[in-house]
1. Could you work out the local net charge near residue 33, counting Lys and Arg as +1, Asp and Glu as -1, over the other residues with Cβ closer than 11 Å to its Cβ?
2. How far is it, in nm, from the label point at residue 170 to the one at residue 44 when both lie 7 Å from their Cα along the line to the Cβ?
3. For residue 204, which sequence-distant residues (separation of 5 or more, or a different chain) have an amide H within less than 5 Å of its own amide H, given hydrogens modelled in the peptide plane?
4. According to a simple spin-label model (label point 7 Å from Cα along Cα-to-Cβ), what is the distance in nm between residue 93 and residue 19?
5. Taking the Cα centre of the chain as origin, sum charge times position over the Cβ atoms of Lys and Arg (+1) and Asp and Glu (-1), and report the length of that vector in debye to the nearest 20.
6. In whole Hz, what ³J(HN,Hα) sequence does segment 43-50 give by Karplus (6.51, -1.76, 1.60; θ = phi - 60°), x for Gly and Pro?
7. List every residue whose amide H lies under 5 Å from the amide H of residue 118, counting only residues 5 or more places away in sequence or on a different chain, with H placed 1.01 Å from N in the peptide plane.
8. Can you list the residues, at least 5 places off or on another chain, whose amide H is less than 5 Å from the amide H of residue 106, using H built in the peptide plane?
Amino acid sequence: MESETDGPRRVQSVARAFALLEIVGATPDGARLSDIAAAAGLNRSTTHNLLATLESLDYVAQPTSGGRYVLTDRLAELGRGAADDDALRTRYRPALEAIAATSGETCYLAVPARRDYVYLDAIESPRPLKLTAPLGTRDPLLGTAIGHILLAFRPATSARLAREDPAGWARWRAHVDTAREDGYAIDLEDAQREFCCVAVPITEAGHTRAALGVAGPASRLPLPRLRELTTVAVRALADAGPGA
């Protein structure tokens, strides 16, 4: 039996795995195997084996072969509780209200959840023909404007989906790439016939945590109007964000 002075027993492999997670997490752009091994004081072989295990459990990802390791969204999703969701709702509710008033369309706030996203908040259009967004429901990341903007700025999530759903990723990859280049994503009746959507990322401390979308009938939201609403959304988020 251990004495009180001995302290708790430590499983070396577990301690090393958490150390690697901390090292990778401290480098937002990702860390190379050699740098991780040096920072952890381990040889490359041991480090590689530990990282391979963490990658198989979906806690780290290596988006490109031989490239940098990054944390996946799995840790963020585990750590994001009801209090975090409530804080996001409170912080960005003014942005939703401002965009809803300007657009007259349904506006919603969503966060990633594995292969889907979840609606955290929504203001529905007062018009008879509208898109509904029930809170707590899910839609897929692939094939939707909200999903594409989240994937565009969450490389570990993109890498995981490409691995888990190669056919789906191949179909929608160009849309994700375009969203990354433009800074917003547009859905022209892709997810639902006769409805269009534009989505912008919500980024805090360099990390894309959520997305904001505006959706409505294609007859009211042609491409030029969607692009106009992108500017409206970006301004509203800047006014409502943590630094506002």
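1. Numbers: positive: 32, 44, 68; negative: 35.
After counting each charged neighbour, the total is +2.
2. In this crude spin-label approximation the distance works out to 3.3 nm.
3. Those qualifying (amide H under 5 Å, at least 5 residues apart or on another chain) are 209.
4. Going by the 7 Å Cα→Cβ label model, 4.6 nm.
5. About 340 debye.
6. My calculation for segment 43-50 gives 6, 5, 5, 4, 4, 4, 5, 5 Hz in order.
7. 111, 113
8. The list, which skips near neighbours in sequence, is 125, 131, 215.
The values are calculated or read from the model by the stated rules, or taken from the named source; none is laboratory data. Since this is a predicted model, take the numbers as computed values, not measurements. We place every Cβ from the backbone using ideal geometry, glycine too, and count neighbours over all the protein chains shown. Note: accessible area is taken over every heavy atom of the protein model, side chains too, but ligands, DNA and RNA are not part of it. Shrake-Rupley method; radii C 1.70, N 1.55, O 1.52, S 1.80 Å.
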